[in-house]
1. Can you work out which of the residues in the stretch B:176-198 that are part of a loop (DSSP other than H, G, I, E, B) and out of contact with any helix residue (DSSP H, G or I) (no Cβ under 7 Å at 6 or more places or on another chain) is surrounded by the fewest Cβ atoms within 10 Å (Cβ to Cβ)?
2. Kindly provide the set of residues from the stretch A:103-117 that are free of Cβ contacts under 8 Å to residues at least 60 places away in the same chain and part of a loop (DSSP other than H, G, I, E, B), ordered by number.
3. What's the number of the only condition in (1) surrounded by fewer than 23 Cβ atoms within 10 Å (Cβ to Cβ); (2) part of a helix (DSSP H, G or I) that residue B:271 fails to meet?
4. Taking the stated definitions as given, is residue A:77 within 9 Å of chain B (Cβ to nearest Cβ), at pLDDT 95 or above and touching a helix residue (DSSP H, G or I) at 6+ places or on another chain (Cβ under 9 Å)?
5. Could you give every pair whose Cβ atoms fall below 8 Å, whose first residue belongs to the stretch A:16-37 and is part of a helix (DSSP H, G or I), and whose second residue is modelled with pLDDT under 95 and surrounded by fewer than 24 Cβ atoms within 10 Å (Cβ to Cβ), counting only separations of at least 6 or pairs across chains?
6. Out of the helices (runs of 4 or more DSSP H) lying entirely within the stretch A:208-319, which hold 1 or more residues that are more than 28 Å from residue A:84 (Cα to Cα)?
7. Could you please give the count of residues in the stretch B:1-44 that are surrounded by fewer than 16 Cβ atoms within 10 Å (Cβ to Cβ) and in contact with a strand residue (DSSP E or B) (Cβ under 7 Å, 6 or more places away or on another chain)?
8. For residue B:83, indicate whether it is more than 22 Å from residue B:215 (Cα to Cα), buried (at least 21 other Cβ atoms within 10 Å of the Cβ) and touching a helix residue (DSSP H, G or I) at 6+ places or on another chain (Cβ under 6 Å).
């Protein structure tokens, strides 16, 4: 995992494979897409099950409400587009016709984060966690890699609730295996201090592909004698409050890492939980009230202060607080 | 079902009862919408008491037709019709818009699960109906007799989402889908053609591959015929443009957009003073505009 030649696969690929598998298992699964079938990897499903696939054209608002109608008739619809447009453009339709209406539609937003790259800021959704986690009933899941995205997609099918699944465009490192346990709403610790070492001084909570940067930071810090724990917070809602509080109790200091606006995102969700239950100093890694721009994944992650160096810096800073 | 003269008279009387109940519920609520519910009463009556395949005693019956009310603000007529059809007691209509009531200000399935959808924000109902019609198409091609009815206002056609849905329905040839437009020419801020012109409305729907029927929305026979005609249309969804009179049934309220969002007692006062509006409204309906002697006279 720490090798420079680590296997890299786009997270959206895992969604495509997961939807295909879910569709084979459950005949009620339908796919709905707004002219981005291949881009969101829904094509794996639509090619196999053309009768259960609906192409709505560039019409994300219609897509959300059509899916609500499909769900009202017993279907389990997955709707896919870029996160900027769904849940971005069609937020009110998701809120009213899906969530208020209590229909189990699965909203799949691909191309989240600045790592979308050259397409630029218009297509880089970095507000989507904030706008989805405030909607009652809507689960918010942000897988760390393609394998986890496949599992999340398959498990989303059976929740009986609306779900937002956050995906990314570019290839990112594979950190889990087929055997890594995954349960919606149940976090995992991906990095512990080595046996016999002192107790962790800082807890790093990461979501999405940036988890890899957090793990690289943890390794680097360990070499410098600083012990941390790294948590994979794949489910932002419902939040695994107990695990977060326990991590805060073990470490006393928390750094959150997400490819999203700092305001309103996963870090805010963690802060809401800890402020109420076990307040500790926190640092937030994310985009600081800014829009994205064109560039490569690496350039943009560095520019917006979300890379390994920034995480190490945040850990060092919080150790002095 | 055959539409005899006797049945037509029965439906006319039912529509009037539904109007009376909805006005009573608005008076009890002290807020809500008046013009649209009144002008859609005849169409709701024909749907629920003649056309629909449904069972008020078994609202979750899977084989039922579905009615999607898109412009949720006219729910007083939906609630009143459902109560008269036997879905829930008529006396419950007096709880409209009150805390804890199943009859929320805009329909909400959490409170009244027998509703097909929660609605209020305009422009999204047709999309939901298209989704329902697509589900039937996926499962049965078009061999199922089950039908989806979407009820829309004319003002909400200004929301672009309606046209996204219309395009998809035309593309998918949803012959099991019927949209009814309440063409009452008013919306909250004025006459539709002043706020945002909609004409030529029928041409717009034809352009998206819909079968268009235009009717007098207060003629029981025309309403019933249009629903029957829609069943015989193949490879196209049908839209029924129902020309209605806003506030129909209470001449003092008719054709005045200021009755869009106000209940009796809070409407425009140039024809009827506020404190007389409730009494006048009920008297007009109970006497059919003076044509019959009121039980109170």
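The values are calculated or read from the model by the stated rules, or taken from the named source; none is laboratory data. As the structure is a computational prediction, the values presented were derived from the model and not from experiment. Every residue, glycine as well, gets a Cβ built from its backbone with ideal geometry; the counts of neighbours run over all protein chains shown.
1. Taking the candidates together, the pick is B:197.
2. Those that are free of Cβ contacts under 8 Å to residues at least 60 places away in the same chain and part of a loop (DSSP other than H, G, I, E, B): A:103, A:104, A:105.
3. (2)
4. yes
5. Taking only residues 6 or more apart or on different chains, not a single pair turns up.
6. Ranges flagged: A:211-223, A:241-251, A:266-277, A:308-319.
7. Qualifying residue count for the region: 0.
8. yes
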